[in-house]
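Worksheet: one structure, shown below.
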């Protein structure tokens, strides 16, 4: 990817703007198609973002997490 | 030692008696977890780690002991300090001494001193510009929240509940720390140091999770002293140093801590932190469904319009050339008939002329001349002899008369003088 992935909010705002201008109409087909494709890609990003937030629930004692990270470091330097 | 049977029949052994007294004393709720104020005297800290002193005022006094590690002792406490202790009454059977087992000891002037330190810290931060620093924006939809708070606290379970309501299954890591007492500061700072690592994409991916993108550090309500760790410089500096947004969520609405002043987001309570940082997933999904439909609809409409236009154009296209051809055909027909007329006119003129020519031709036909008594002479080669000079003596010529021909031979030629 050449561009930085937009945040959820950036993607959502751009998508709103795209849909609004598509709804206004008055663009040629090529432009419309381009916007539609961009909109669809942004929607995909938004949907992916929602799923990306699903995950584990860790409740860790401070010491345990410290040890875990240390062990991870040791492994990484091996 | 006396046997069991003698307890009821003879005098009590003193040890037994003192033990009975102790049992009665420690059962009395008024004597347990009581808050008592007084002046410290005979303050002695032993190498064993235990501290002994007498708590006294003008009316009375009592021995007190702080067992090693039982509570933090403010360094300002010394002989003569006014203190407030929270303690349980106990009786040391071997000596028959009543004493206080101290659970907590605070110098009475400490709050004043702490307030002063807090004021100075805020002033320093103001001079450094930290209070007006640009804040980091929390992610609109966090993917991995780190919560730093007390283990098993009400604040934690409130936050967990609220997260589940708003975004079921949202990925989160809770680091359980002490949130009050002197060790709280150190633990919160250590947890913040760990957060830095959990926010590191490389380390996070090694752990198989997305990096932490939001930190909520806080605790539920309590006395000003309970919340005090969040007024201390190490915690404040740790928040300032965080590469990812930090929400300060300490105490109740009315509590304003220094951590609140420097954090990227100040939440009034831990629950408020969740309300402000965790969107309601169902609402986002609904928005996505709606915008999806609007996107498709707008697209289809634009293309539908274009298609209609195209169909219209196509229909016109189908008709248009025919109209042209018809017009062309009409004009060609006109041209054609015009041409015909012109040709006709031309021919009839020619015809008249040719008729005239014919008449003229007829009038000058040799036969007509012959009819008038002339004869035409022709050589054997078919040449018409028009002058005497063309004749040769001895040659035969054909004479054409109106009713036949005759062969003649030239015997003499008398050519007239000719002026040429």
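Numbers below:
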quantity	calculated
Selection count where residues are within 10 Å of chain A (Cβ to nearest Cβ) and either surrounded by 18 or more Cβ atoms within 10 Å (Cβ to Cβ) or under 23 Å from residue B:188 (Cβ atoms) (or both), scope region B:138-150	9
Number of positions in region A:6-34 that are within 17 Å of residue B:142 (Cα to Cα) and facing another protein chain (nearest Cβ under 9 Å)	5
Wholly within region B:207-282, strands (runs of 3 or more DSSP E) carrying at least 1 residues that are within 14 Å of chain A (Cβ to nearest Cβ), touching a strand residue (DSSP E or B) at 6+ places or on another chain (Cβ under 8 Å) and farther than 24 Å from residue B:116 by Cα	B:214-219
Search result, residues across region B:391-419 that are within 24 Å of residue B:372 (Cα to Cα) and without any contact (Cβ under 8 Å) to a residue 12 or more places away in the chain	B:403, B:404, B:405, B:406, B:407
Wholly enclosed strands (runs of 3 or more DSSP E) of region B:51-170 bearing at least 3 residues touching a strand residue (DSSP E or B) at 6+ places or on another chain (Cβ under 8 Å) and assigned by TED's automatic domain parsing to the domain that holds residue B:25	B:51-56, B:61-66, B:82-92, B:97-107
Single condition residue A:30 does not satisfy, out of (1) loosely packed, with under 13 Cβ neighbours inside 10 Å; (2) modelled with pLDDT under 85; (3) farther than 19 Å from residue B:295 by Cα	(3)
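The values are calculated or read from the model by the stated rules, or taken from the named source; none is laboratory data. Since the structure is predicted, the reported quantities are computational estimates derived from the model, not experimental observations. Don't worry about glycine lacking a Cβ; one is built from the backbone with ideal geometry, like all the others, and counts go over all protein chains shown.
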